[in-house]
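Quick notes on the structure that follows.
The values are calculated or read from the model by the stated rules, or taken from the named source; none is laboratory data. Because the structure is a prediction, the values reported are computed rather than measured. Note: ideal-geometry Cβ built from the backbone for every residue, glycine included; neighbour counts use all protein chains shown. Note: areas computed on protein heavy atoms with side chains; ligands, DNA, RNA excluded. Shrake-Rupley method; radii C 1.70, N 1.55, O 1.52, S 1.80 Å.
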Amino acid sequence: MSFKDYQYKRPDYEALKIQLTALTEKLAGAASGEEALAIVREITAINSSIESQMTLWSIRHSIDMKDEFYNEETKFWNEHSPLFDELTTNYYRVVLASSYRQELSTFLPETFFMLSENKLSTFSSQAIPLFQKENELVDRYNNLMATAQLDFHGQTYNLSQMGPFSQSIDRAIRKEASETVTAFFEKHEAAFDDIYDGLVKVRHEIATTLGFKDYVEFGYKMMNRFDYNRDMVATYREEILKHVVPIVTELRERQAKRIGLERLKYYDLNLEYLDGNAKPQGSPKHLVSQAQAMYHDLSPETGEFFDYMVENDLLDLVAKDGKDTGGYCTYIADHKSPFIFANFNGTSADIDVLTHEAGHAFQVYNSRWIETPEVIWPTYETCEIHSMSMEFMTWPWMELFFKEATNKYKFSHLSGALLFLPYGVLVDHFQHDIYENPEMTPEERKATWKRLADLYLPDRDYSDSDFLMRGGFWYRQGHIFASPFYYIDYTLAQVCALQFWKRTQVDHDERAWEDYLHICQMGGTASFLQVVKAAGITSPFQEGALAETLAETKKWLDAVDDSQF
């Protein structure tokens, strides 16, 4: 069935409340393990259907944020998703208290019980109005970003469509494009500040209402960080500062030399080569057909998966007016279908979508055997291992997309993995400071970003922009607004993915693909460090792991004569 034929129907909350409440009460009074298991299966099917409808709304709303029907549905979900959470939390409470846990464990993985315990501690009926307010504020941010209209050289573009201009070989165009994008954020500075100020305050109130010291403590529970805590993350950030920032400084110096500059300005960062960055060759349709050929070559499993995505129209890839920014992969449980959303703009990022988001989709496609929607996905940092590792697994086929610029792309891609790490931990550190000090003013938040950016990103020269000098860059990082604390996950996964890069591209380890496929099949039935162990790689938190991974990566990059590009 094609995605366009997937039927969306707003769930009847009142009817479902009666049904789920009755089933939950019945579960609490179950007379046998067999009866309890049957009730859990019934509740799971209902919850899966509710989640599927919510996902269909979310996808179609993000595809066209001007669609009035789905805009109205947004109001429903902003109000009712916390109410559905209340019903689910009541169910979790009964499951955890059940005397038939052994029987239920034949259907519910151990991680289900771990997630349920965290959900109980991060949800309260008393906080429902606060969750509703948070939803409304996030939607305001998304709409502000998605409806941006930027006039540039006689044409009107959205934020995604401005991307290629930031990579122009003409420095004047790069500068003008960057200033045009920055002007949008500066023009709406008061609106962004108001939205985020509201989010910080409501999230702090959520945390304290639920008995947490601050939203950081709440956030670690919300993100289901079973294997590590904020102190371990702080030490990890220090390791990035110590080991990665010096390498990034070297890479930026090489970049400046390549493009004939003494020092890079902020608007130069996206141009890597004087004759232009590596760009994919062909139309979006052609790129998808090349990806299909690639995945058939990679393995029978990836070939079957990508055919399913194409044949069922589960890819919405091209940037267009009214479309939300960014890219994501999600899953529609009732149809057992992944879905990939993106904004192709003619840059190498288009291919990153066909590998990164496809890595997410491949994992969830291989986890469809898991019937409980809560654990078909792993926790976020584990999810990103699948996506970032797939980017490197597909290196042997990059010529299909980049032709003679393939080596240029690979150098950019691998160096980009290192360039990203300090930025990733900056976003995390910023959020820790903000939520540990929720009384900060908007100007103090921007000053905090500036202070931390100077620490982690000494390569950024914003001297030509008063707004960026004041610390306004973070407005464009959607995770800060919509997905708090979901960013250190990318960096942890990047360190893991670089190990898969070494195993596949340097060591030619034949077991690497088997290990990767295995962890995709595990889904969310294991914690982050359990998955890392199953993958045959080293934890980013293990002493020496980061330095060892960086040494191999730097060795490869140092061996490349990038002046040839």
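General observations
- Among T525, F113, F541 - extreme Cα towards positive end, dipole of the chain, charges at beta-carbon: F541
- Maximal additional length on extending the E301-S283 stretch stands at 3.9 nm, based on 0.36 nm per residue less the C-alpha distance.
- Cα pair count fraction exceeding 36 Å, expressed as % - the chain: 34
- Gyration tensor (alpha-carbon) shape descriptor, the range 369-461, a/c threshold 1.5: oblate
- Cut-off 15 Å (backbone N to label point 7 Å along Cα→Cβ of S539), residues of the range 91-123: none
- Modelled FRET efficiency - R0 51 Å, T209 with D507, Cβ distances, 0.05 increments: 0.50
- Cα-based helix-to-principal-axis angle, 442-456 vs the chain, degrees rounded to 10: 60
- With the simple spin-label model, which puts each label point 7 Å out from Cα in the Cβ direction, the I259 to T235 separation comes to 3.8 nm.
- Nearest-ten-degree value, helix 511-522 long axis tilted from longest Cα axis of the chain: 40
- Peptides 549-562, 465-478, ordered by how many other C-beta atoms sit within 10 Å of their residues on average, highest first, read 465-478, 549-562.
- Share of carbon and sulfur in the accessible heavy-atom surface of the chain [1.4 Å probe, %]: 50
- Estimated [θ] at 222 nm from DSSP helical runs (n ≥ 4, -39500 (n - 2.57)) normalised by residues in the chain, nearest 500: -20000 deg cm²/dmol
- Mean-position separation - Cα centroids, the range 60-122 and the range 246-302, in angstrom: 39
- In the full protein context, the range 68-221 carries 43 Å² of accessible surface per residue, based on a 1.4 Å probe and ignoring ligands, DNA and RNA.
- Residues of the range 1-21 falling in the label zone of D313, defined by backbone nitrogen less than 17 Å from a point 7 Å along Cα to beta-carbon, are 1-9.
- Residues of the range 462-509: accessible area per residue with a 1.4 Å probe, Å²: 28
- This model, with +1 at the C-beta of Lys and Arg and -1 at the C-beta of Asp and Glu, gives the chain a dipole about its Cα centre of some 480 debye.
- Per-pair calculated FRET efficiency, R0 = 45 Å: E552 and T441 via Cβ, rounded to 0.05: 0.50
- The listed peptides 401-413, 15-27, ordered by packing as a protection proxy, come out as 401-413, 15-27 (highest mean of other Cβ atoms within 10 Å first).
- Stretchable slack from R470 to A28, in nm (0.36 nm times residue separation minus alpha-carbon distance): 153.5 nm
- Between the helical axis of 110-121 and the longest alpha-carbon principal axis of the chain there is an angle of about 90 degrees.
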